[in-house]
Each structure stands twice: as structure tokens, then as C-alpha cells.
Amino acid sequence: MKQIFLLSLRLCGIKNIDKEIELEFYKKVVSKNNFDPTNYKVKAIYGENGVGKTAIITAVSVLTNLLNNPNYLSNSESLVLLNELINKKTNELSISCEFVYQTNVFGIYKYSVVLKRVSDRKIIISEEKLEMQRSSSAKWSNIICSQNGVLSLSVSSKKLSDFITESTKNLLLTQSLIVLLKDSFISNAVMMDMNKDSSFTEAIFAMIIFSLKVYSFLDKEDSHDDYVFNVLLEYLEENQRIDSSDLFSVNHLRVSNMIIPKQTFISYENIVSNLKDFIKVFKPDLKDIYIDRKELKDSYLCDLVFAYDDYQLHGEFESTGIKKLVRLYKALCHVENGDIVFIDELDANIHDVYLCKLLEYFIKFGKGQLCFTTHNLGPMEVLESSKKSIDFLSRDCTIVPWIKNGNYSVKALYSKGMIEKSPFNLESFSFLGMFQGKE
Amino acid sequence: MSIQLIFCVETNKKTNSDWYYLSSVIHQFYRIDSSVKLSVVYMDGKNKYKQKSVINGIKEFRNMFTGDNTYVIYCFDTDDIVNSPKALSFMKEVEEYCLRNVFDLVWFNRDIENVLLGKGVSNSEKATYAIDYVRKKSYVHLNVKMVEKENRYIEGSNLFKVLDKYLTRKDVQ
């Protein structure tokens, strides 16, 4: 059985998070014989406003960009954004994750990367490392590592070593090893006689699979999707052509202004058809969702139109909640398909009862992992039955995992400020005098 | 390390005047970060200090707290301790009770309003004065020396003497 599962995520140096935090998704002891993540599929991160919940999801977004986009650290727009995202005190962002990849063999892998701000316009990869172990009690073996652009790897085949050294030459400061190896490694795997280095090959493939399985979904304000859309549209107008993979890989569905390449339009239609069934759960009077498309050169500019019994509504005029559900839909599809999905503010604009049912569904039937931030206490009751399912992020950047305390429900303890580091020392009278106008 | 301080106050939850004063003064003069949980138990009359409802309230907060340590601080007005044998005897009784249960005792001579407002307030006006104290941020002007006393027979309070054991003061000029 093929399976990928994120065991832990550590990060430091993103937005306000200036000391290392760790999210654990599974118990500490992991081995082939006892590995069963069934009860560990969903995690919620709670925290007061401004403590850094979005920063965690943003860090995952940086990681996926780094692992999948070859131009991430050379693109001026992403550099501007990264410069703002990397903590001003630490001047570097470190992300490390451990995951299990199980096929006919079982391996635990640790990938870590450090991005360092050299100047406002220059961010480099100062460290990148991939290690593996067969069980959590075994020693980590170094697979591949780069430090300040210097590569070290543990392979016995000279041919393979030369191949990797050559394909990464002078690029390690600005591109992830994984991005550099991805295409060439897969296409040259047979030629490179990789069986001689089975652990090495296995680890690189596991890491490539991991890079393709992790997704992050930021809320509208933080996702910069509109910005990306405008850049793409501008490019399209200038060049009358655009690489279709750039377009359809935009993960959020939107109610308007989706640019869909002509060759992928049929898949888009299928997605919208499934989306209709999903939205109907929330709005039973919805009859259909039509695609209103305008032809561009190689693509269509698509808007969604929601059809009810006796009227139709352009997607932009749908309720905020429905628009949110449209945006979320693809993220939830990824969870269903066994991917590792991080969502910021999953609860925003979704009714509490529906949200709880949705979470119950993913706990019972989801094949992938879902980690989300939220302010809504409702899901706590659903999550209590799962393991490692609730973490609290405190104002001093500490993660406090939920541990069952007697008969008290987590919701009761949290709302009363009884969870360590989340005291909510706030009274209604704390607001006295704050809203009075000056006479 | 995270701690919980449980304050047992004379007032009831509805009037809540003691907690208006204490909470605002604590937040003004002490660093209350995420490692400190402040909880309050309402005695609804000073004579009810060892009633089941109060003891259960303390017990409940202790059990619920998932941090490291919980400390209990009883807060009483001394009333006319100098001239009234009844008031003196009551203070001795609660002192002994706190000692026996390893609770801290904060006293206000003669009462919390006298110490913080500089004047006595009738029962019917207690809530109004407490709200005004917070709304007008009168705690900013607190004479700190008045709440650092050690002698319960003179006007003032040992509030800061007790709080200093658990909390760090802010640099307030």
C-alpha cells in the first residue's frame, strides 16, 4: 500500500514566529510494524488573533513553492513577498518536516531547509538537507545536503554522483535540490543505474512525491491569488499565449476570473459539476452551476453562474459563505485524495454545524491529512475523539498540544482560559472607557 | 512555567466590584503574559470564606488548569480592626485558615475602596465607583506605597507584597 504521512513540522522565522515551534501529527515512536495513522488525520490549530496561526500555513506555502517552483527565489515578486515574510529579527526562515513514505518499503524522511535574507532583494538557501531512517529508533542517515551552495551526498555510484553534481552546479543557493533533481532524476533514473544506491534513490523519490502531495490554502487576503491572476492576465494580453500548466495549477477555485486553458476545459467542467453537488449540500435549492466563458487565444476566461428555480446569480453576488466554499472545494478534494493539506481559517463564513459534519467526514473517510487554523470552538467536540488533533499556539510562540484532562471538555477548558499559555485574562470590563468619544 | 492565581474576593459575581479593582491594578502594575492565568472566586460575603461553594470553586479551578502550579489568594477588608474586637477576631480566624491551607492572605485596611479611592463607599454605590475606577483609569494614579504595607493595623494593603511573590512588576513610573 502506498502511503505518505506527515509526522511533524518545525519552523522558525516566519512573520512573528521568532522561535522554533513544532507541530506533531503522530506519536514519537514510529516503525513499520506499528504505523497506523488512522486516528491522526485531522489537526486544528487554535490561537488568539495575531499569534501566528496564518504564519504556519504561510510557511507551508513557502515550502511548497520552494519544492515546486524553480524560479521562486529568482522571481522579483516572490522575493518582495518573502522579504516581508521572513522574520526581521531572525533574518532566516527554517522549515523542517518529517514524513513517512511507505510503498513495499518503509522509510522515515527528514527534510530541512533554511532560507537566509542576504539583502532586501536577495534570499538564498543557506542549508538544505534530506535524511532518512528505517524506524524512529534508528539513526538518521544523510542522503543529500547542501550548505552555502556546497553539495555533499552519500552515493556509491560515481556516475550518479557526477550526474547530481553537474545538474546542481552553481544553482544550490537559489534553487531547491528537490526542484533541481525532480525532472532530470525521474527521466534519468534507469540510465543512472540507481539500484546500486537503492536507499538514496528511494529517499529522493519519496521527497519528490512529498513535494507533490503537500498543499497550503491561505485565506483570500493572504493568498495573493488576485495578484497572481492579474500578472497572468497581463502576460496573456501581451503574449496571447501562456503555459497552460501555470494556469490550471492555481489551486483555489474562484467564482470569477478563472483562466482555463482550452485543453483542460473538460476537466474544469467536471470539477464544476462535482462542485455543484458539494454546494447543494449547503444550498439545497441550487439547481445548477453554469460556466460563463469568454474566449481568449488558447484559454477561456470563466465565471460561475449559480442557477436557482426562477433566477440566476453571478458567482460574485453569491453569499460570502458560498464563495468561501467554492474556494475551499479543491483543497478538500486534495484531502480526499490522500494529500497533506494545510488550510488557513477553515471556519471563516461556514456554519458551525456544517463545519463539524465536514470535519467528521474527513476524520472518518478522508484518505489524506488536514491541518487547519480556526477560531471556532465548535469543531473541538468533533476533534476530541482523534489523536494529536488540537494544538494551541500561544502569544509567546509556544505550541501546547491538547491532552485530555479528567472529564473536562477541551472546549470548556479553552473558553475558560485553563489551557496552559492561553489564559484569556480578559474581562468584559476590560473594554470600559475604550469606545467613548472625546468631548 | 505557567501559574494560576485564584483570587477569592468578598463581593458577589453581579456586583463584582473587588475584581474590577484588583484586575485593573494587577494589569497596570504587573506583567501578565501567557504564562499567568488569573481566576476569581466570589465569596458573596466575607463570612462565607470556607463554605462549600467557595471551596468547590477553588477546587474546580485547580483541577481545570493544565499549567504547572496554582496559588490561592484570599482578599479581605479588615474593617475596623483597631477598635472592633469582632473584626480583629475575624481577621485572626481567616489568617489561621489561610495558613493551614497554604493560601495567601491579602488585606485592605479598612477596605478596598479606602485604600484605592481614599474614601469609603456605601454598599449601594460600590459597583458605580468600581466601574468609574476602571473607566477613568484611576489605577494609573495608585500610590504604590499604600499597597506595599506589612502592618495590617494601619491604613493600606499588603496586595503588592503578596503579588510580588508570583508576578513581575512592570516598569511603571
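The values are calculated or read from the model by the stated rules, or taken from the named source; none is laboratory data. Remember, it's a predicted structure, so these values are computed and weren't measured experimentally. FYI the Cβ positions are ideal-geometry reconstructions off the backbone, even for glycines, and counts take in every protein chain you see. Accessible surface areas use protein heavy atoms only, side chains included; no ligands, DNA or RNA. Shrake-Rupley method; radii C 1.70, N 1.55, O 1.52, S 1.80 Å.
If you filter the range B:43-72 for trypsin sites (Lys or Arg not before Pro), then keep DSSP loop positions with at most 14 other Cβ within 10 Å, what is left? Write down the numbers at each step before the final one.
On the way: sites: B:LYS46, B:LYS48, B:LYS50, B:LYS52, B:LYS59, B:ARG62; in loops: B:LYS50.
Here the trypsin sites (Lys or Arg not before Pro) that fit, given the DSSP loop and packing criteria, are B:LYS50.
The range A:89-106 to the range B:87-155: how many Å between their Cα centroids?
A separation of 56 Å, based on Cα centres.
Rule-of-thumb check for the protein assembly as shown: C-alpha Rg over 2.2 N^0.38 Å? Present the calculation step by step, with values, prior to reporting the outcome.
Numbers: Rg = 30.3 Å, N = 612, 2.2 N^0.38 = 25.2 Å.
Output field value: 1.20.
Would you please give the residues with an amide H less than 5 Å from that of B:PHE108, counting only those at least 5 places away or on a separate chain, with H modeled from the backbone geometry?
B:PHE76, B:ASP77, B:THR78
How much accessible area per residue does chain A have, in Å², with a 1.4 Å probe?
On the way: 20520 Å² over 439 residues.
Averaged over the residues of chain A, the accessible area is 47 Å².
Applying 1/(1 + (r/R0)^6) with R0 = 56 Å to the Cβ-Cβ distance of A:THR103 and B:LYS59, what FRET efficiency is obtained, to the nearest 0.05?
The calculated FRET efficiency here is 0.55.
Could you work out how much longer the chain between A:SER319 and A:GLU336 gets when fully extended? Use 0.36 nm per residue separation minus the Cα distance between them, nm to one decimal.
In short, 3.6 nm is gained.
Take chain A, connect every pair of alpha-carbon atoms lying under 10 Å apart with a spring to form a Gaussian network, then pick out the residue of A:GLU318, A:GLU24, A:GLU98 with the largest mean-square fluctuation.
Sorting by GNM fluctuation, first place goes to A:GLU318.
Using a Gaussian network model of chain A whose springs link C-alpha atoms within less than 10 Å, name the residue from A:THR168, A:THR90, A:THR264 with the highest mean-square fluctuation.
A:THR264
By the gyration tensor of its Cα atoms, with a ≥ b ≥ c the square roots of the eigenvalues, what is the shape of the range B:3-163: rounded for a/c under 1.5, prolate for a/b over b/c, or oblate?
Numbers: a/c = 1.44, a/b = 1.11, b/c = 1.30.
Verdict is rounded for the range B:3-163.
Take every Cα pair under 8 Å in the range B:31-173 that's 6+ residues apart, average their separations, divide by the length, and report that relative contact order as a whole percent.
21
Could you give the Stokes-Einstein D for the range A:1-82 in µm² per second, using the C-alpha Kirkwood radius, 25 °C, 0.890 mPa s? Present the calculation step by step, with values, prior to reporting the outcome.
Numbers: Rh = 15.2 Å.
Reported coefficient: 162 µm²/s.
Which entries of A:LYS324/A:LYS357; B:LYS59/B:LYS149; B:LYS37/B:LYS136; B:LYS126/B:LYS149 have Cα-Cα distances beyond 20 Å here? Show your work: numbers first, answer last.
Working: A:LYS324/A:LYS357 17 Å; B:LYS59/B:LYS149 30 Å; B:LYS37/B:LYS136 25 Å; B:LYS126/B:LYS149 24 Å.
Table pairs above 20 Å Cα-Cα are B:LYS59/B:LYS149; B:LYS37/B:LYS136; B:LYS126/B:LYS149.
Kirkwood hydrodynamic radius for the range A:1-155: how many Å is it when counted over pairs of different Cα atoms? Don't skip to the answer; put the middle values down first.
On the way: mean 1/r = 0.0594 Å⁻¹.
Its Kirkwood hydrodynamic radius stands at 16.8 Å.
Please give the FRET efficiency for A:SER112 paired with B:GLN28, using the beta carbon to beta carbon distance and R0 = 45 Å, rounded to the nearest 0.05.
Efficiency, from the Cβ-Cβ distance: 0.55.
Of A:TYR268, A:TYR109, A:TYR311, which is the most mobile in a GNM of chain A whose springs link Cα atoms less than 10 angstrom apart?
In this elastic network of chain A, the residue with the biggest mean-square fluctuation among A:TYR268, A:TYR109, A:TYR311 is A:TYR311.
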